[in-house]
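To start, the structure under review is shown below, and the notes come after it.
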Amino acid sequence: MRTYVVSGGTAGMGRGLARHFLRRGDQVTIIGSDPAKGRRFLDQAARAGDRTAFVQADLTSVAENVRVIKEITARHESLDGLVLTAMRHFPRRVETPDGFEATFALYYVSRTVLGYGLTGLLEKGENPMIVSVCGVGVTKGRIHWDDLSLRNGFGHIKAVLQAGRATDLLGVAYSAGHPGGRTRFLLHHPGFTDSGADSLGGPAKAVVKVLARFFAQPIEKSIQPIIELMDDAPGRGLLAYDRRTPIDPSLPTLDPGDARRLYERTAHVLRP
């Protein structure tokens with residue numbers, strides 16, 4: 001029996017992967033912000049008994065991420081995988097108590113804190129891997145080095161693209177910083193997936209639902225390449241894939257210098 005933690009595990013691809021792990025007899029802890037969705041997941045997974053758990057947390061908060069790490073560390077002696085899927089759309093600028101723009105906090109800062117904070121448990125796993133479901137391979141957007149929190153000229157798409165590029169660099173920095181570690185880091189772009197549009201509002205939600213109906217692939221199909229890579233990861237070092245296609249590591253969005261620079265700018269979140 002393997003042990004997995006899934007952030008964003010109450011919906012979308014996170015929920016799909018958590019269900020897959022439970023079906024094959026593994027132990028899973030899901031993290032989410034909505035207690036009702038967490039209870040629903042536990043009810044549906046009742047047959048798994050004590051193999052499943054739900055931790056409620058607002059992952060835009062560094063302190064909440066630290067609390068989650070403490071709970072997981074108290075519950076488990078090792079981990080085989082950490083799956084990072086938590087993402088929510090913020091149509092207006094929200095600044096977290098830590099001073100980050102909320103999209104950046106959830107998409108990048110939370111994954112940084114959880115990834116580094118749970119490495120000790122992962123290193124004790126059988127074939128450990130961190131999986132970050134993201135937009136790797138996309139080259140639009142950039143890091144706004146002089147205004148990471150987007151206090152000047154916030155835009156929803158601008159925020160999502162910056163957070164996506166930051167998440168790409170997280171994988172590069174993590175892999176470079178653990179050359180002798182056993183834990184692999186997978187950046188995975190699943191393609192357009194019908195994961196719901198709960199965090200959207202108004203017309204945008206309706207548009208996404210229509211597009212998903214005709215063009216998106218189902219969750220069960222989107223998670224298959226991730227499962228394959230987790231079970232049989234090729235080579236060494238960072239893994240970056242668009243579905244089953246490897247991403248060119250020389251892309252400017254995976255620049256090691258930028259990865260190091262971003263890590264240095266945000267490393268304080270690892271010492272709260």
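The values are calculated or read from the model by the stated rules, or taken from the named source; none is laboratory data. Everything numeric in this text was worked out from a predicted model, so none of it was measured. A quick note on method: Cβ atoms are made from the backbone with ideal geometry, for glycine too, and the neighbour counts reach across all protein chains shown.
One residue stands out among those in segment 149-193 that are touching a Leu at 6+ places or on another chain (Cβ under 9 Å) and under 22 Å from Gln217 (Cα atoms): the one that is modelled with the lowest pLDDT, which is Phe192.
Tell me, which residue of segment 153-196 that is assigned to a strand (DSSP E or B) and within 13 Å of the chain's Cα centre (by Cα) is surrounded by the most Cβ atoms within 10 Å (Cβ to Cβ)? Taking the candidates together, the pick is His188.
Counting the residues of segment 16-57 that are basic (Lys, Arg) and more than 23 Å from Arg88 (Cβ to Cβ) gives 4. Restricting the first member to segment 22-45 and to residues that are basic (Lys, Arg), and the second to residues that are in a helix (DSSP H, G or I), the beta-carbon pairs closer than 9 Å and six or more apart or on different chains are Arg23/Ala48; Lys37/Arg15. Note on segment 87-111: among residues that are in contact with a Phe, Trp or Tyr (Cβ under 8 Å, 6 or more places away or on another chain) and buried (at least 24 other Cβ atoms within 10 Å of the Cβ), the one that is nearest to Met13 (Cα to Cα) is Met87. Filtered by the rule that a residue be under 18 Å from Gln162 (Cα atoms) and among the aromatic types (Phe, Trp, Tyr), segment 225-272 gives a lone residue, Tyr263.
Only one of the numbered conditions (1) in contact (Cβ under 8 Å) with a residue 24 or more places away in the chain; (2) closer than 17 Å to Leu270 by Cα; (3) surrounded by fewer than 21 Cβ atoms within 10 Å (Cβ to Cβ) is not met by Asn65, and that is (3).
Filtering segment 98-116 for residues that are touching a strand residue (DSSP E or B) at 6+ places or on another chain (Cβ under 7 Å), part of a loop (DSSP other than H, G, I, E, B) and of a type in the set (A, V, I, L, M) leaves an empty set.
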